[in-house]
Every structure is written in structure tokens, then in C-alpha cells.
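Here the structure is laid out as C-alpha cells; the discussion comes afterwards.
The values are calculated or read from the model by the stated rules, or taken from the named source; none is laboratory data. Computed from a predicted model, the values in this text were never measured in an experiment. Methodologically, a virtual Cβ is constructed for each residue, glycine included, from the backbone with ideal geometry; neighbour enumeration extends over all protein chains shown.
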Amino acid sequence: MSRHCAYCLIEIQGDQIKKCAGCMRRAYCSRECQVTDWTSKGQTHKLWCKEQICEEDIDWEIRQTPHKGLGVFAKRDLPKHTRIMVDRGYRTIQETPFAFIDSLVPTNGTLQEKWDTNSFYTPEGGDNLGIRLARVNHECRNNATNKFVPDLNTFILIAIRDIKQDEEINIQYYFYNDFSTSKEIRDARPSIIKPKWEVDCKPDCICLDQNIRDRIQKAHELDASIPSLPLRTEDQIKNALKQVDTLIEMSQELSSGIMPLARTYYDGFQIAITNKKTFPLHKKYIEKYLEACQVVESKHSLAYREALQYLQTPSSHRNHY
Ligand SMILES: C[S@@+](CC[C@H](N)C(=O)[O-])C[C@H]1O[C@@H](n2cnc3c(N)ncnc32)[C@H](O)[C@@H]1O
């Protein structure tokens with residue numbers, strides 16, 4: 001089986017393939033590429049080596065699709081919450097190794113056009129280009145999602161449902177069911193995805209369903225109201241937790257993604273610990289939050305380490321009663 005060098009991406013065969021001695025899965029064409037990839041000059045593999053991340057050519061591959069150019073396909077069944085790839089974000093054209101960016105679509109485009117087509121906007125880190133993520137195509141009914149972890153400067157691509165072998169892996173280029181974004185941003189979606197990626201939604205597309213749009217707006221309003229709910233009396237705290245539980249249910253019903261859901265669990269934790277009576281509930285919320293963090297971030301992320309500390313010593317949180 002041929003492989004692709006995890007750093008410089010060239011195709012390698014037979015005894016040219018050098019594997020990481022830690023995971024025995026990640027492939028390189030040379031020791032130089034392996035050394036670079038271990039550090040933050042490459043994909044910082046030292047953080048991910050023991051973390052069960054999928055690899056190109058073993059778990060997924062890049063190949064031609066009938067109508068969308070290249071795409072990423074599962075080479076085996078990938079269960080929900082599998083971490084399909086971690087991909088370092090490049091912040092500028094200058095920082096991105098030229099050969100990578102030059103190979104991207106539009107084929108005859110300028111570097112700027114390639115950058116614009118393939119980079120993704122992240123609220124926490126501006127535009128970033130992931131060189132492997134750049135091959136993932138858009139679907140409104142996506143089976144995977146990409147999360148940017150700012151302190152690691154890395155995208156993580158996660159299966160949000162079971163993906164079958166040979167199925168194409170796809171993401172929403174611009175979320176429509178993420179209740180944490182405002183109505184204006186959600187409504188701007190068609191005017192962004194069409195000119196930027198030439199992706200058109202059919203009239204029966206799920207993202208144009210008015211009923212779903214109304215439910216998302218309701219969830220958005222509920223989400224925005226939670227931080228300012230009064231928490232002076234026990235009844236007020238119980239009511240706030242009820243709102244949190246309603247939002248958790250709505251988020252699951254709307255498949256809003258793991259990130260907003262994780263934040264809602266964290267809200268529940270912060271509310272529960274403010275009162276002696278509701279304090280025992282804090283554990284359920286923070287454990288769920290940590291579970292989500294393990295999927296969408298990593299044990300190395302700041303968010304995960306902080307939350308673990310609050311699980312072990314809840315009294316160290318400023319809201320503790
Ligand atoms: C980030 S690239 C994805 C990888 C690209 N297909 C390639 O060959 O490298 C974005 C481009 O892929 C194509 N694309 C992505 N999703 C598509 C879809 N659902 N339908 C048609 N074309 C799509 C569009 O040309 C878009 O500008």
C-alpha cells in the first residue's frame with residue numbers, strides 16, 4: 001500500500017515509508033519530515049501520537065469525486081466521535097508552505113484565490129488553512145464537523161455520526177444549525193457559500209427548513225438568556241438548571257454540534273455549584289463537558305485541563321457557594 005508523507009504530503013511506496021515509532025501508523029518520506037512534524041513547525045505530532053487519531057491511507061483517503069473535484073473518503077467504518085484528522089492551521093499565505101497551497105483549488109487560481117477558497121474563518125483565530133482539511137467537501141447534511149482549538153492552533157475533524165467505509169466525509173462550510181451564532185450570521189449563509197464555494201442549496205435543503213430555523217432561533221435566544229438568569233434563591237437556580245436541560249435537549253434534537261452542547265454543559269456546572277442544594281448536580285455537567293472536550297479538543301488543551309481541575313477541586317471555581 002502506498003502512503004502519503006504526513007508532513008510534505010508526497011506519495012511514498014514500500015521501503016521509502018518511514019513510520020512513527022510511537023504510534024506505528026503515521027508515515028513519513030524522510031527523517032527531516034518526521035522531526036519537523038513532531039514539533040509545532042509541522043503538525044505537532046508529539047501531542048497526538050498516543051491519542052488515537054485517524055491517519056491518511058489507513059482510515060481515510062483523498063480521491064476524486066464525481067462532481068466536486070477531490071474529496072475525503074472513509075477507508076473503514078468510522079464510528080460517531082472518531083477523530084478523523086488533526087490539521088495544523090496556517091494563518092497566512094506566507095506561512096503556508098508554497099507547494100501545499102499551490103496544489104489546492106481553484107487549479108489555475110492565484111495564491112490569494114486558493115487561500116480564500118480553502119481557508120476557514122475561526123472566531124478565535126481568524127482565517128486559517130488546514131492543508132488536509134482543505135480537501136473536505138461541503139454538505140448541508142454533514143457527517144463530520146471541524147473544531148478549531150486556538151491554543152493548539154489546530155483543527156480537529158470529528159465524525160458526528162457513524163460513517164460507513166467508502167462514504168465521503170463532509171462538513172458544513174458555514175454552520176446553519178449552530179445555535180451559538182446570531183440570526184444575522186445564520187441568515188447570511190446563502191450569500192456566503194454560493195460566491196465563495198459555488199455551493200448551492202436545493203429548495204428542499206434541510207438548512208432552508210423554516211421549522212428547523214425557528215427552533216434554532218429559539219435555542220439561540222435561550223442560550224443567550226442563560227448567563228443573565230438570576231441565581232439568588234434556590235428556586236431561581238433550579239429554574240436556571242431547567243433552562244440548561246431544555247437547551248441540552250434542543251441541541252440534541254437539532255444536531256447542533258458538540259461545541260455549543262459542551263458549552264451548555266459548562267453553563268450547567270457553573271450554575272449548579274452556586275448553591276449547596278444543587279451542588280451535587282455539578283458533577284454530571286462537568287463530566288459531560290469533559291467528555292465532549294476529550295472529543296473536540298484534547299487532554300492537552302487549556303479548556304480540558306481547567307475543567308479537570310474544577311472536577312477535582314470545585315471549590316477553586318469562583319462561583320462555588
Ligand atoms: C475546500 S475545497 C474542497 C476540496 C476540493 N473539492 C478539491 O478538489 O480540492 C472547496 C471547493 O470544493 C468544491 N465543493 C465543495 N463542496 C461541494 C459541493 N457540495 N458541491 C460541489 N462542489 C463542492 C467547490 O469547488 C469548492 O470551491
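From the residues in the stretch 204-252 that are within 16 Å of the ligand (Cβ to nearest atom) and part of a loop (DSSP other than H, G, I, E, B), which one is nearest to the chain's Cα centre (by Cα)?
Across the stretch 204-252, the extreme among qualifying residues is Cys205.
Could you tell me whether any residue of the stretch 24-34 is over 25 Å from Glu291 (Cα atoms), in the same structural domain as Ile156 (by TED's automatic domain parsing) and free of Cβ contacts under 8 Å to residues at least 24 places away in the same chain? No; the residues of the stretch 24-34 include none that is over 25 Å from Glu291 (Cα atoms), in the same structural domain as Ile156 (by TED's automatic domain parsing) and free of Cβ contacts under 8 Å to residues at least 24 places away in the same chain.
Among the conditions (1) near the ligand (Cβ under 10 Å from one of its atoms); (2) polar (S, T, N, Q); (3) out of contact with any Ser or Thr (no Cβ under 8 Å at 6 or more places or on another chain), Asn137 misses just one, which is (3).
Counting only residues that are surrounded by 13 or more Cβ atoms within 10 Å (Cβ to Cβ), in a loop (DSSP other than H, G, I, E, B) and of a type in the set (Lys, Arg), the stretch 159-188 holds 1 of them. Of the set (1) on the phi < 0 side of the Ramachandran plot; (2) within 21 Å of the chain's Cα centre (by Cα); (3) buried (at least 18 other Cβ atoms within 10 Å of the Cβ); (4) not hydroxyl-bearing (Ser, Thr, Tyr), all apply to His282 but (2). Quick check: anything in the stretch 52-72 more than 15 Å from the ligand (Cβ to nearest atom) and part of a strand (DSSP E or B)? No, the stretch 52-72 has no match at all. Within the stretch 16-51, count every residue that is outside any loop (DSSP other than H, G, I, E, B) and of a type in the set (Val, Ile, Thr). Qualifying residue count for the region: 2.
To keep it simple, each residue is scored yes or no on (1) under 19 Å from Asn319 (Cβ atoms); (2) charged (D, E, K, R).
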residue: Leu254; (1), (2): no, no
residue: Ile258; (1), (2): no, no
residue: Arg263; (1), (2): yes, yes
residue: Thr274; (1), (2): yes, no
residue: Thr278; (1), (2): yes, no
residue: Lys283; (1), (2): yes, yes
residue: Lys288; (1), (2): yes, yes
residue: Glu297; (1), (2): no, yes
residue: His300; (1), (2): no, no
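Mind listing whichever residues of the stretch 115-163 are acidic (Asp, Glu) and more than 25 Å from Gln64 (Cβ to Cβ)? Within the stretch 115-163, Glu124, Asp127, Asp151 meet the criteria. When the stretch 176-203 is filtered for residues that are away from the ligand (no atom under 16 Å from the Cβ) and in contact (Cβ under 8 Å) with a residue 40 or more places away in the chain, the ones remaining, listed by number, are Asn177, Asp178, Phe179, Ser180.
Here are some conditions: (1) touching a Leu at 6+ places or on another chain (Cβ under 8 Å); (2) at pLDDT 90 or above; (3) outside the structural domain of Tyr121 (by TED's automatic domain parsing). Asn211 meets all but one. Which one does it not meet? Of the numbered conditions (1) touching a Leu at 6+ places or on another chain (Cβ under 8 Å); (2) at pLDDT 90 or above; (3) outside the structural domain of Tyr121 (by TED's automatic domain parsing), the odd one out for Asn211 is (1). When Arg76, Arg63 are screened for being more than 19 Å from the chain's Cα centre (by Cα), among the basic types (Lys, Arg) and within 16 Å of Ala159 (Cβ to Cβ), only Arg76 passes.
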